[in-house]
Amino acid sequence: MQLSPHTDRSRPVQKQVKTWPAGAISALQDCFENTDWHMFREAATDGDSTNLEEYTASVTSYISKCIDDVTLSKTITTHANQKPWMTAEVRALLRARDSAFRAGNKAALTTARAKLSRAIRGAKCAHAQLIHSYFQDSGDTRCMWKGIQDITNYKTTSPDCAGDASLPNVLNNFYAWFETENDVAARKSTPPANDQVLCLSVADVRRTLFRVNPRKAAGPDNIPGRVLRGCADQLADVLTDIFSISLSSATIPTCFKAATIVPVPKKSSVSCLNDYRPIALTSIIMKCFERLEMRHIKTLLPPSLDPLQFVYYPNRSTEDAIATTLHLALTHLDKKDTYVWMLFIDFSSALNAIIPQKLIGKLSLLGLNTSLCNWILDFLTGRSQSARIGSSISTPSH
C-alpha cells in the first residue's frame, strides 16, 4: 500500500474571472477608432429629436460587446490556506512530484523534488521582491497597505451567505427604504429664456476619462475603468455627444442611474440586516459625468458658505477639521478657569435620506440655474438598484 504525501487541504473555491490577454486594449482602440459612432445617433433620431435612452443603450451595449470579444473568461480555483508565493509553476511541479510518488518511480521522484525545491525558492524570492517594491514609494499608501497585508498574510473572513437565495431581495428592500419614506414629489421647473445650458468640450471629457482609476469595479453596464482610460481618445467624442444631449434635455439615461449593491458584512457574526454595509457599484461613465458637473458646480458656489465647512471644498479634509477643532479648543483652554464642551452628531445614512425636491430649492438659492437644477433632480430620482450576493441577484427596485 502506497502512502501519499501529507498535505493540509481545505475545500477549494471556484469562480469565473475575466482575463485581459496581451493586446486587448490595443484591439479595442482599433475597433473604436474604426467605429462610425454617428450611426448610433442616427438610428435613435426621429426628425429633430434624439431618443437619449436608445442612443445611450446602443452605445454602451456595443462597447460591452467589444469588451467581451477581446477578453477571456476562465474558471480559477482558490484555497483558503494557499501560500501567497504560490505560482502556477509550483503547482504544476507539486502535481508532478505527487505523480512520481504514486508511481513508485524513485528516480523521477528525486528529480521532481529537486525541481520543486528550486521553484519554491524562486517563487519566494520573487514574492519578497514584490513586497519590497510595495514600499519603494512612501507616498503610495495603497501599495504600502498591500505590502503589510502580504507580510502578515492578512485575509478577511466573511460569513458565508451565498447559500440563502432570498437574502438579496430582502437586503434590496431594506436598502430601498430611503425612497419609500420620501413622499415629496419631484417637479422640474420651466427654465427661463435666458437660461444657459452647460457645454462640455471633448477635451474636458477626454481629460476626465484619462483620470479614471482602472482598478475600480464596473457598474451594471459592465464597462470597466481600464477600457475608458485606455480608449479615452476613441470614446471622448461619442460620450461628449451623449453628455451634451443629457444636459440640454435635463434627463439622464436609465442605464446611468442603475446601481448594483454588494452587501459586505461589517463583522464575522451577522445578526441583522444592518450588519451589512452596502457597497453600490454604479456606471463609471456616469461617474466621469458627475466629476465634470461637480467641477462646474464648485465654480458657482458663493464665498458666503460656512468657512468651517470642510467637505466638498478643495484642499480640505477631515484632518483639517480635526486640527481646527483642536486649535480652537486649546486656545480657549489657555485662559484660566475655562472648559470646552463638544457635541458630536453622526447622522445615519445622511446623504441617502436627502429629499431631492428640497435639495433643489437650496441649490437654486446658491445660484445654480434652472437647467442644471432640473438635471440634478433627474439624477436623484427614478433610480433603480439590485442587490447581488455571489451569483444571486435580486429583482430591481425603483
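Computed from the coordinates by the stated procedures, all read-outs in this text should not be read as laboratory data. Nothing here was measured: the structure is a model prediction, and the numbers come from that model. Cβ sites come from the backbone with ideal geometry, for glycine too, and all protein chains shown count toward neighbours.
Quick notes
- Furthest towards positive pole of dipole, 261, 225, 131, structure part the chain, Cβ charges: 131
- Using R0 = 25 Å, the C-beta based FRET efficiency linking residue 77 and residue 148 works out to 0.40.
- In a fully extended conformation the segment linking residue 22 and residue 87 would gain 21.5 nm over its present Cα-Cα distance, using 0.36 nm per residue.
- Note on residue 65: lysines with a C-alpha under 26 Å away, same-chain residues under 8 apart excluded, are 15, 18, 74, 216, 257, 287.
- Annotation: for a label point projected 7 angstrom from Cα along Cα→Cβ of residue 98, residues of segment 10-41 with backbone N closer than 20 Å are 10-15.
- Helices meeting the span-like rule in the chain (full DSSP H runs, Cα extent of at least 27 Å along the helix axis, mean Kyte-Doolittle score of 0.5 or higher) are absent.
- Cα-based Rg / Dmax (Å) for segment 46-86: 20.4, 63
- Scoring 70-76, 208-214 by mean Cβ neighbours within 10 Å over their residues and listing the highest first yields 208-214, 70-76.
- The chain - convex hull of the alpha-carbon atoms, volume per residue in Å³: 241
- Each peptide in 287-297, 120-130 gets a packing score, the mean of other Cβ atoms within 10 Å over its residues, and the list from highest to lowest is 287-297, 120-130.
- The equivalent ellipsoid of segment 1-150 has semi-axes of 49, 22, 15 Å, largest first, where each one is the square root of 5 times an eigenvalue of the Cα gyration tensor.
- For the pair residue 345 and residue 177 in one chain, pulling the backbone fully straight at 0.36 nm per residue adds 58.3 nm over the alpha carbon distance.
- With kT/(6 pi eta Rh) evaluated at 4 °C and eta = 1.567 mPa s, and Rh the Kirkwood radius from Cα pairs, segment 339-398 diffuses with a coefficient of 87 µm²/s according to Stokes-Einstein.
- Annotation: peptides 230-237, 111-118, ranked by per-residue average of other Cβ atoms within 10 Å with the highest first, follow the order 230-237, 111-118.
- Summary of the geometry: segment 85-108 and segment 10-31, compared by the centres of their Cα atoms, lie 28 Å apart.
- Cα-based shape type of segment 220-344, given that a ≥ b ≥ c are square roots of the gyration tensor eigenvalues and the cut on a/c is 1.5: oblate
- The alpha-carbon positions of segment 222-273 define a convex hull whose volume is 124 Å³ per residue.
- Two-decimal ratio, segment 70-109, of alpha-carbon radius of gyration to 2.2 N^0.38 Å: 1.60
- Under a 5 Å amide H cut-off, with hydrogens placed 1.01 Å from N, residue 281 pairs with 260, 261, 262 among residues at least 5 apart or on other chains.
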